[in-house]
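For reference, the structure is listed below as structure tokens.
The values are calculated or read from the model by the stated rules, or taken from the named source; none is laboratory data. As the structure is a prediction and not an experimental result, all values here were calculated from the model. Methodologically, a virtual Cβ is constructed for each residue, glycine included, from the backbone with ideal geometry; neighbour enumeration extends over all protein chains shown. All accessible areas refer to the heavy atoms of the entire protein, side chains included, with ligands and DNA or RNA removed. Shrake-Rupley method; radii C 1.70, N 1.55, O 1.52, S 1.80 Å.
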Amino acid sequence: MRTILYFGLVSLISSLQCLAITSGKCSAGAPVTQFRLMLVSEHGTPPLPVNSVNEVLRGQKLKYEPPTEDQKDGPKGKITVILVPASSGPSSKIEVLEPQPANTVEEWKVPARSSIVGVVYGPHGLDVKKVNSLVERNKDLIPQLADYAEKAATVEALVQTLSKYEQAQPASRDLDAVLKGFSSQYGVSLPSINSSAPADQQATQLLHAVVPALSSYDPLAERTSSGALQQSAGVAAWVAALFWGSTPVGLAAGGASLLQNMRTLMFPDTDFRAAFAQPTASGDLELCTTQKETTKRMRTAYLWVRRVPNSGPPTASLPATAHIPLDWKSDVKVICATRAQLRDLARAREWRLVSDDHHSTVPVQVTVGPSDDTLALDLSKVKLSPGKYKLAALWDWTPFSVAGTVEVHKFADLSTAKIAPESEDNLIHGSGTVAVKLTGPDFEFVDKLALVPASNQNATAKELTFTLEKGKQGGGQNILQTEVDTTILDAGRYFLMLTQLNGAIQDLPLTIHPPNPKLLGLPLRANLGEKEQTIILQGSGLDRITRITGDNAEWSLTPVSKGYNEAKGRKATLRLAPNAQRDELLSASLYVEGISKPLSVADVVHVVGPRPVITDVRASFPKETNISLAKNEIPAGSPVSFVVQTEHMGPSPALTLDCSNDNETRQPLTLHPGDKTGSAQLDFAGSGALFLSVDPGAVGQSGCLLDASVTDETTGSSNPYALGRVTRLPNISRFTLNNQKLGDSLYAGTLIGQDLQMIEKTGWEPGTGYPVQGIPTPVPGSSQDQTLKIEMAWPPPSPRAPIYIWLRGENEGRLTAIRY
């Protein structure tokens with residue numbers, strides 16, 4: 001039996017598809033007739049389609065209109081209306097209104113408040129019995145009509161929803177999203193559907209959800225080889241055929257017994273067919289059926305019923321002010337007094353937003369949202385000013401409003417967003433997870449937040465979680481909080497990508513800073529009594545310091561040069577304030593490149609007393625030298641005595657000797673009072689005075705400018721004091737002149753002594769000299785003495801005239817004690 005029914009159903013669907021394609025109106029099933037049935041108010045307001053009204057009241061009128069005014073072209077047969085009373089008392093009865101010709105405009109007065117409106121159309125006429133007494137003998141008819149109307153309305157809406165989906169552009173809508181929206185609107189739980197499964201299987205699964213009474217029955221249990229037919233039928237057609245067709249599905253839904261009772265009690269000799277309606281573009285209803293014409297010799301009649309909610313305007317409110325953006329579709333949470341009101345809220349019409357001052361009323365499109373407690377407000381095509389509004393609508397002709405406020409905002413201009421300075425300063429590589437605060441515009445419509453390197457914006461963005469104090473769409477909020485893990489990010493530039501609900505993206509620059517500069521060797525020493533002093537900063541990241549400030553001190557940093565070497569430190573000039581005190585520890589604030597708030601460093605500088613100062617030096621040279629010294633020269637090769645006069649040198653000073661040019665220093669020398677070496681010794685020489693004896697040649701080469709400095713372990717070292725230029729002189733022990741003539745007035749001579757290789761010229765006057773003849777020759781039997789051949793003019797300027805010598809590189813002769 002099931003196999004026969006299944007074959008019949010497949011054949012029916014195939015034929016109905018052809019009919020539907022021909023008419024272009026019934027997306028599932030075959031067209032029967034087209035009409036318009038309106039409910040007319042007693043107050044003269046525009047009539048409403050009966051399938052959209054919420055109350056049918058006594059005294060109102062039902063107005064029937066055929067699809068054309070030309071009676072010749074209008075539908076044949078008759079049409080009537082069945083009304084099921086809203087009350088369920090003993091006197092309640094079904095009203096069958098007087099049948100009227102289907103090709104003319106007709107009106108019926110509503111005799112009582114009704115909860116179900118049915119239309120019976122007989123293409124070949126209708127024969128209506130007296131039903132009052134008969135209904136009393138079958139109390140099941142009213143609940144059967146109510147049950148059938150409830151189920152039929154839901155299945156009819158499902159067929160319309162599926163038809164729209166199947167006729168939409170491919171991939172333009174998601175089937176799961178469509179079914180989810182239907183579930184929200186009609187209070188049913190539709191399952192997710194495998195769209196690749198056969199259409200009949202999908203239809204059966206949906207019907208089981210809409211009509212739970214069918215869950216134990218599977219009309220498709222026995223398969224045949226008619227797969228091609230199944231593939232050609234859409235899910236909408238299968239749902240319609242399974243519910244309204246002459247199959248056990250209709251019986252399980254109560255349809256068969258209802259139709260039988262209708263024929264017996266009201267319409268004798270009538271073959272009743274279940275029908276469903278689909279709206280047309282013109283606003284009419286297209287009556288459709290999934291049953292084939294019968295061969296019985298009986299009138300055929302089609303029954304379409306519609307449940308009326310039979311309730312007044314819902315008591316609806318917003319649980320909180322709804323904040324929604326302009327030019328966008330938003331979901332708004334709503335609550336009602338009952339679940340039934342919540343379900344029927346979408347039946348309200350002519351939704352509008354009314355401004356608080358009632359000066360502005362703007363129509364808006366409102367539909368059921370993604371869940372059964374939300375409404376979707378579409379402002380994408382509405383001209384509306386930001387502000388506070390009330391949501392209002394009509395319940396049939398009765399105005400009502402949703403309690404609460406809808407506040408409409410513009411999408412914010414996120415280009416004004418900034419990272420709070422305190423957050424930016426904390427974004428330091430390796431510092432862990434850092435809280436980041438964004439300030440500026442209204443962030444309530446931000447939907448996503450991500451981080452991407454500025455150097456590679458095509459890299460995969462790292463999505464970040466974020467919080468708003470009032471939550472998303474919670475009202476104007478100028479602070480957005482997020483967190484950034486600096487341990488996994490290299491130092492450098494990034495972009496925070498803020499995406500709003502409308503897809504607009506704003507890139508906000510963000511920098512992960514290198515580790516902050518660190519100062520080592522603290523505290524540094526600063527001396528009182530100096531106008532300014534140079535301090536060498538040691539540590540890491542010093543090149544990023546832009547300036548330093550501090551109490552009782554003025555800092556000046558040397559610029560960072562191109563070849564900056566951090567290992568050598570960075571110089572800074574420090575000027576102590578006049579009120580700086582001895583032993584005071586000074587803090588400092590370091591201003592770092594890219595960081596707005598300075599870094600506070602405690603105990604950077606220790607203020608101490610004045611540094612030692614060398615105020616005067618007296619020198620005493622050995623007497624054995626027979627060659628004159630120039631001013632500020634000190635001889636090398638023998639001890640030279642100095643008295644060094646100082647101030648602030650402390651009880652345990654140290655004296656250091658070296659050359660001002662490091663390349664000329666042979667060996668720096670540091671002595672404390674009482675020290676004695678092979679070439680030097682140091683002792684106290686009274687208050688603030690030191691006695692030094694040293695061979696300058698042991699410290700520096702000839703030509704070295706010998707510096708002395710005094711150091712106190714607490715206050716530091718004095719500035720270098722120049723003792724003189726180290727000069728090594730030859731030692732001439734004898735001079736002879738013979739009669740060997742070497743040129744005009746020039747005669748040969750000989751010098752005997754030591755270090756004669758230093759002599760370049762000789763002469764009788766400091767301005768005139770003659771080059772020496774060759775290089776020194778060792779004296780036989782002596783390890784140090786040399787002879788050097790020279791030439792001298794004759795005669796000398798005076799008897800016993802002294803000779804002058806020129807050391808190599810000198811321009812003026814030196815007077816010697818050697819005479820002819």
Note down the magnitude of the dipole of the stretch 731-819 about its Cα centre, charges +1 on Lys and Arg C-beta and -1 on Asp and Glu C-beta and zero elsewhere, to the nearest 20 debye.
220 debye
Relative to the first principal axis of the alpha-carbon coordinates of the chain, what is the inclination of helix 141-167, with its axis defined by its Cα atoms, in degrees from 0 to 90 and to the nearest 10?
50 degrees
Whose amide H sits under 5 Å from the amide H of Glu407, counting only residues 5 or more places off or on another chain, with H placed in the peptide plane?
Ala322, His323, Ile324, Tyr389
Note to self: with every protein chain in place and a 1.4 Å probe, the chain gives an accessible area per residue in Å² of 49 Å²
Residue separation times 0.36 nm, minus the C-alpha to C-alpha distance between Glu483 and Ser798: what's the value?
103.5 nm
Lys/Arg +1, Asp/Glu -1 at C-beta; the chain dipole; positive extreme among Ala654, Asn527, Ser540:
Ser540
Charge dipole of the stretch 418-512 built from unit charges on the beta carbon (Lys, Arg +1; Asp, Glu -1), centred at mean Cα; most positive-end Cα among Val436, Gly492, Gly475 is Gly475
In deg cm²/dmol, rounded to 500, what helix-only [θ] at 222 nm does the chain give when every DSSP H run of at least 4 residues adds -39500 (n - 2.57) and the total is split over its residues?
-4500 deg cm²/dmol
If you take the square roots of the eigenvalues of the alpha-carbon gyration tensor of the stretch 418-512 and sort them as a ≥ b ≥ c, do you get rounded (a/c under 1.5), prolate (a/b over b/c) or oblate?
oblate
Could you give me the ³J(HN,Hα) list for the stretch 336-349, computed from phi with Karplus coefficients 6.51, -1.76, 1.60 and θ = phi - 60°, whole Hz, x at Gly and Pro?
10, 5, 9, 5, 4, 4, 4, 5, 8, 4, 5, 7, 5, 10
I'd like the distance between the alpha-carbon centres of the stretch 759-820 and the stretch 325-372, rounded to an integer number of Å.
119 Å
Once both labels are modelled 7 Å past Cα along the beta-carbon direction, what's the Glu407-Lys164 spacing in nm?
3.3 nm
Give the carbon-plus-sulfur fraction of the accessible surface of the stretch 316-409 in %, rounded to a whole number; probe 1.4 Å, heavy atoms of protein chains only.
52 percent
Does the stretch 613-728 come out rounded, prolate or oblate, given a ≥ b ≥ c as the square roots of the eigenvalues of its C-alpha gyration tensor, rounded meaning a/c under 1.5 and, failing that, prolate meaning a/b above b/c?
prolate
Using the Karplus equation 6.51 cos²θ - 1.76 cosθ + 1.60 (θ = phi - 60°), what ³J(HN,Hα) coupling, rounded to whole Hz, does each residue of the stretch 36-53 give in order, writing x for Gly and Pro?
10, 10, 10, 9, 10, 6, 6, 9, x, 6, x, x, 10, x, 5, 6, 10, 7
Taking 8 Å as the Cα distance limit and 6 or more residues as the minimum spacing, I'd like the relative contact order of the stretch 38-106 as a percentage.
30 percent
Under a Cβ-only charge scheme (Lys and Arg +1, Asp and Glu -1), can you give me the dipole magnitude of the stretch 518-608 about the Cα centre, in debye to the nearest 20?
300 debye
Can you compute the charge dipole magnitude of the chain about its Cα centre, using +1 on each Lys and Arg Cβ and -1 on each Asp and Glu Cβ, nothing else charged? Give it in debye, rounded to the nearest 20.
2100 debye
Return the distance in nm (one decimal) between the two label points of a simple spin-label model at Thr573 and Arg547, each offset 7 Å from Cα along Cα→Cβ.
1.5 nm
Principal-axis tilt of helix 199-210 within the chain, Cα atoms, nearest 10 degrees
80 degrees
For the stretch 454-574, what does the alpha-carbon gyration tensor say about shape, rounded, prolate or oblate, given a ≥ b ≥ c as the root eigenvalues, a/c under 1.5 as rounded, and a/b over b/c as prolate?
prolate
How much of the accessible area of the stretch 518-608, in percent, comes from carbon and sulfur atoms when a 1.4 Å probe is used?
48 percent
Counting only the backbone N, which residues of the stretch 611-639 are under 11 Å from the spot 7 Å out from the Cα of Ser679 toward its beta-carbon?
636-639
If amide hydrogens are placed 1.01 Å from N in the peptide plane, which non-local residues have theirs closer than 5 Å to the one on Ala316?
Ala403
Apportionment of accessible area to carbon and sulfur, the stretch 613-728, percent (1.4 Å)
46 percent
Efficiency of FRET between Glu463 and Ala281 - r from beta-carbon atoms, R0 51 angstrom, step 0.05
0.70
Long-range amide H partners of Val640, meaning residues 5 or more apart or on another chain whose placed amide H is closer than 5 Å, are Val694, Asp695
Pair Phe621, Arg666: separation of 7 Å Cα→Cβ label points (nm):
1.8 nm
Contour minus Cα-Cα span, Trp328 to Ser687, at 0.36 nm per residue, comes to 120.0 nm
Any idea what angle helix 2-23 forms with the longest principal axis of the chain, computed on alpha-carbon atoms, 0 to 90 degrees, nearest 10?
80 degrees
Return the label of the correct value of percent of Cα pairs over 42 Å apart, as calculated from the structure shown, out of (i) 41; (ii) 63; (iii) 29.
(ii)
With the 8 Å Cα cutoff and a minimum separation of six or more residues, the stretch 292-444 has a relative contact order in percent of 23 percent
For the stretch 447-452, Karplus couplings with θ = phi - 60° (6.51, -1.76, 1.60), whole Hz, Gly/Pro x:
9, 9, 9, 9, 10, 9
Using the charge dipole of the chain (Lys, Arg: +1 at Cβ; Asp, Glu: -1 at Cβ; taken about the Cα centre), state which of Val119, Val613, Val446 has its Cα farthest towards the positive end.
Val119
Below 8 Å between Cα atoms, with a sequence gap of 6+, how large is the relative contact order for the chain in percent?
7 percent
